[in-house]
Amino acid sequence: MTKQPPLRSARAARAAGTLRRKLRAWEQRLMPPPAAMLEMITAGILTQAISVAAELGVADQLADGPRSAAHLAKNLHVSEDGLTRMLRTLAARGIFRQDAHGRYELTALGQTLRCDTPASMRAMARLFGSPEHREHWSHLLEAVRTGQPQVEKVRGMDAWSYAGANAAYGAVFNDAMTSMSNLAKAAITAAYDFTPFHTIVDVGGGHGSLLAAILARTPAARGVLYDLPAVVAGAGEPLRREKVDSRCSIEAGSFFDQVPAGGDAYILKGIIHSWTDEQVRQILGNVRAAIKPHGRLLLIGLIVPPGNTAHMSKMFDLEMLLMVGGRERTGPEHRQLLAGAGFELTAVTRTASPMCIVEAKPV
């Protein structure tokens, strides 16, 4: 069985990203432009095949060792022919591997589609391959034409309300958001020193996965988990699992109204990209009113790099445009937003994940 790879340092991750971009550029130069473009155009086929493998739980079936397509098809109650054709497509991209006996086994990439790995991407694969999400993306043309999100026009309600009203889609969406949080939390806690803070407030912190990881590394700190009433009603399990629940309170409310006062560190992870500049200024203004004079605001998310650099933030920027009307922002855009809310950007910390930590202090 392939083991989960260890977490890279931020420097190693950046070096690997740079090398990958250079190799991709060389590959495209070596291919005839029509062939390179065709490969990009058909990339959605690979997305759907990965999503189906995730939905079926193929990687979980292979967790204990190689299996034949016939064995897998019987266990999964699917067509052996159809499954074989999908598996060989994914094996050609390094997600599975066919051994000398014709059996399929997991690779390091395939491990990420298991449901029980720390950095599982299974939920994200299910979300991006879901019929609902694919239907949303079919309206990208109108989003580009108008500069406006399209989910409300398609569903009659905004993206958050739709996820709440559609139980099956909502469960997939929530699982995907949790998996992204799990992917980032090890990199965040490794890259940034939270020990100087006595009270850490996680604004919009969901069920507390990130805050639990931070408190586990800062035994002298107390935490406050803050999110909407419907969210925090199911919160607490990550805090109990890390045995930090006795040092953490859970409060309900909207960051558009107020945030808990008296913290010397306020974390907003994956928050500001979902909202317009005007809405972000309102959120940050509420944090400014609550933070201690020498406290720190920590915005955790993607930063759009300048120029033609390939980066995940540019893909997710389109996702924000289409789904909620938010945006991923550049470094200068972060600085400008913070200044408008009474903060000064003091540092940007890169992590081993695509996430960065933007630190600011009140002025």
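For (1) aliphatic (A, V, I, L, M); (2) assigned by TED's automatic domain parsing to the domain that holds THR351; (3) modelled with pLDDT of 95 or more; (4) buried (at least 18 other Cβ atoms within 10 Å of the Cβ), each residue gets a yes or a no:
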position: TRP275; (1), (2), (3), (4): no, yes, yes, yes
position: LEU284; (1), (2), (3), (4): yes, yes, yes, yes
position: ASN308; (1), (2), (3), (4): no, yes, no, no
position: MET323; (1), (2), (3), (4): yes, yes, yes, yes
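Among GLY208, GLY236, GLY295, GLY301, which is touching a His at 6+ places or on another chain (Cβ under 8 Å) and under 29 Å from ARG11 (Cα atoms)?
On the way: GLY208 fails: touching a His at 6+ places or on another chain (Cβ under 8 Å); GLY236 fails: under 29 Å from ARG11 (Cα atoms); GLY295 fails: touching a His at 6+ places or on another chain (Cβ under 8 Å).
Only one candidate passes the filter, namely GLY301.
Mind checking which residues of the stretch 94-123 are at pLDDT below 95 and polar (S, T, N, Q)?
THR117, SER120
Could you check the stretch 340-363 and list, in sequence order, the residues that are assigned to a strand (DSSP E or B), of a type in the set (A, V, I, L, M) and surrounded by 16 or more Cβ atoms within 10 Å (Cβ to Cβ)? Talk me through it step by step, then tell me what you get.
Step one: list which residues in the stretch 340-363 are assigned to a strand (DSSP E or B), which gives 343-350, 356-362.
Next, only the ones that are of a type in the set (A, V, I, L, M) stay: 345, 347-348, 357-358, 360.
Answer for the stretch 340-363, where residues must be assigned to a strand (DSSP E or B), of a type in the set (A, V, I, L, M) and surrounded by 16 or more Cβ atoms within 10 Å (Cβ to Cβ): LEU345, ILE357, VAL358, ALA360.
In the stretch 117-165, which helices (runs of 4 or more DSSP H) lie fully inside it and hold 1 or more residues that are loosely packed, with under 15 Cβ neighbours inside 10 Å?
Working: elements: 122-129, 131-137, 140-146, 151-155, 159-165.
Those helices (runs of 4 or more DSSP H) span 131-137, 140-146, 151-155, 159-165.
Restrict the check to the stretch 262-271 and report whether at least one residue is in the same structural domain as ALA190 (by TED's automatic domain parsing), more than 27 Å from ALA25 (Cα to Cα) and touching an Asp or Glu at 6+ places or on another chain (Cβ under 7 Å). Even if it seems obvious, please write down each step before you answer.
Taking the stretch 262-271 and keeping what is in the same structural domain as ALA190 (by TED's automatic domain parsing), we get 262-271.
This time we only want the ones that are more than 27 Å from ALA25 (Cα to Cα), so: 262-271.
Okay, now just the ones that are also touching an Asp or Glu at 6+ places or on another chain (Cβ under 7 Å), so 267.
Yes: one or more hits.
Do we find that SER51 is of a type in the set (Ser, Thr, Tyr), exposed (fewer than 13 other Cβ atoms within 10 Å of the Cβ) and not assigned by TED's automatic domain parsing to the domain that holds SER353 in this structure? Walk me through it before giving the result.
On the way: of a type in the set (Ser, Thr, Tyr): yes; exposed (fewer than 13 other Cβ atoms within 10 Å of the Cβ): no; not assigned by TED's automatic domain parsing to the domain that holds SER353: yes.
So SER51 does not fit the description; no.
Hey, among the residues in the stretch 47-92 that are over 26 Å from the mean Cα position of the chain (by Cα), of a type in the set (S, T, N, Q) and in a helix (DSSP H, G or I), which one's farthest from ALA125 (Cα to Cα)?
Once the filter is applied, the top-ranked residue is ASN75.
Mind listing whichever residues of the stretch 82-141 are assigned by TED's automatic domain parsing to the domain that holds PRO66 and of a type in the set (Phe, Trp, Tyr)?
Correct list: PHE96, TYR104.
Anything in the stretch 282-309 that is in contact with a strand residue (DSSP E or B) (Cβ under 7 Å, 6 or more places away or on another chain) and touching a residue at least 60 places away in the same chain (Cβ under 8 Å)? List them, or say none.
Across the stretch 282-309, the qualifying residues are VAL287, ARG288, ILE291, PRO293, GLY295, ARG296, LEU297, LEU298, LEU299, ILE300.
Please give the number of the condition ALA187 fails out of (1) in contact with a Ser or Thr (Cβ under 7 Å, 6 or more places away or on another chain); (2) farther than 19 Å from ALA347 by Cα.
(2)
Condition test on ALA352, is it under 27 Å from HIS139 (Cβ atoms) and modelled with pLDDT under 95? Give the steps one after another, and end with the answer.
Details: under 27 Å from HIS139 (Cβ atoms): no; modelled with pLDDT under 95: yes.
No.
So, restricting to helices (runs of 4 or more DSSP H) that lie completely within the stretch 177-261, which ones have at least 2 residues that are buried (at least 21 other Cβ atoms within 10 Å of the Cβ) and in the same structural domain as VAL280 (by TED's automatic domain parsing)?
Values: elements: 209-217, 229-232, 237-241.
In the stretch 177-261, the matching helices (runs of 4 or more DSSP H) lie at 209-217, 237-241.
Taking the stretch 291-306, which residues are surrounded by 17 or more Cβ atoms within 10 Å (Cβ to Cβ) and outside any strand (DSSP E or B)?
Residues satisfying the conditions are ILE291, GLY295, LEU302.
The values are calculated or read from the model by the stated rules, or taken from the named source; none is laboratory data. This structure is a prediction, so every number in the text was calculated from the model and none was measured. Neighbour counts run over all protein chains shown; Cβ positions are idealised from the backbone, glycine included.
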